Amino acid sequence: MADKARSVAEYLGALDPAYRAELERIRTVVTQLVPDTEETMSYGMPTLKYKNRALVYFTASQKHMSFYPSSWAIEELKDQLEGYKTTEHSIQFTLDKPLPSRLVEDLVRVHVHDIDANRQ
């Protein structure tokens, strides 16, 4: 969708307004929980970094959006992810079935803990 964006704002600005609003909501949830994140683009995706490591990525495609917290967070909270399509690294969601803010917070907290513990 916003394949060649050079910034998170540019990426989001190129999206369908409904997708943009949903990804901006997630961006806000993460940055309110972890205010000292740094925004960048990595692998063509909006990325929020914490302590110079990728904390989360998020993207939009034609039929769904994806959230990439970490494989550790997905594994730890897999019981809360029933009903969502997941891969080792991502969670797919739609406008009809968005990720609840509380779930986003829980996933981010797990990854922050892992980064703080210097888990590799």
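The values are calculated or read from the model by the stated rules, or taken from the named source; none is laboratory data. Being a predicted model, the structure only gives us computed values, none of them experimental. Note: ideal-geometry Cβ built from the backbone for every residue, glycine included; neighbour counts use all protein chains shown. Surface accessibility is based on the protein's heavy atoms, side chains included, excluding ligands, DNA and RNA. Shrake-Rupley method; radii C 1.70, N 1.55, O 1.52, S 1.80 Å.
Overview of results
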{"read-out": "Every residue from the range 87-105 that is buried (at least 17 other Cβ atoms within 10 Å of the Cβ) and either touching a helix residue (DSSP H, G or I) at 6+ places or on another chain (Cβ under 9 Å) or at pLDDT below 95 (or both)", "value": "Ser90, Ile91, Phe93, Leu99, Leu103, Val104"}
{"read-out": "Residue that is out of contact with any Gly (no Cβ under 6 Å at 6 or more places or on another chain), within 21 Å of Asp114 (Cβ to Cβ), open to solvent by 20 Å² or more (accessible area, probe 1.4 Å) and of a type in the set (D, E, K, R), where the choices are Glu10, Glu22, Glu38", "value": "Glu38"}
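For every residue, the table says whether it meets (1) assigned to a loop (DSSP other than H, G, I, E, B); (2) of a type in the set (Gly, Ala, Ser); (3) under 13 Å from the mean Cα position of the chain (by Cα).
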{"residue": "Thr40", "(1), (2), (3)": "no, no, yes"}
{"residue": "Lys49", "(1), (2), (3)": "no, no, yes"}
{"residue": "Ala54", "(1), (2), (3)": "no, yes, yes"}
{"residue": "Tyr57", "(1), (2), (3)": "no, no, yes"}
{"residue": "Lys63", "(1), (2), (3)": "yes, no, no"}
{"residue": "Phe67", "(1), (2), (3)": "no, no, yes"}
{"residue": "Trp72", "(1), (2), (3)": "no, no, no"}
{"residue": "Glu75", "(1), (2), (3)": "no, no, no"}
{"residue": "Asp79", "(1), (2), (3)": "no, no, no"}
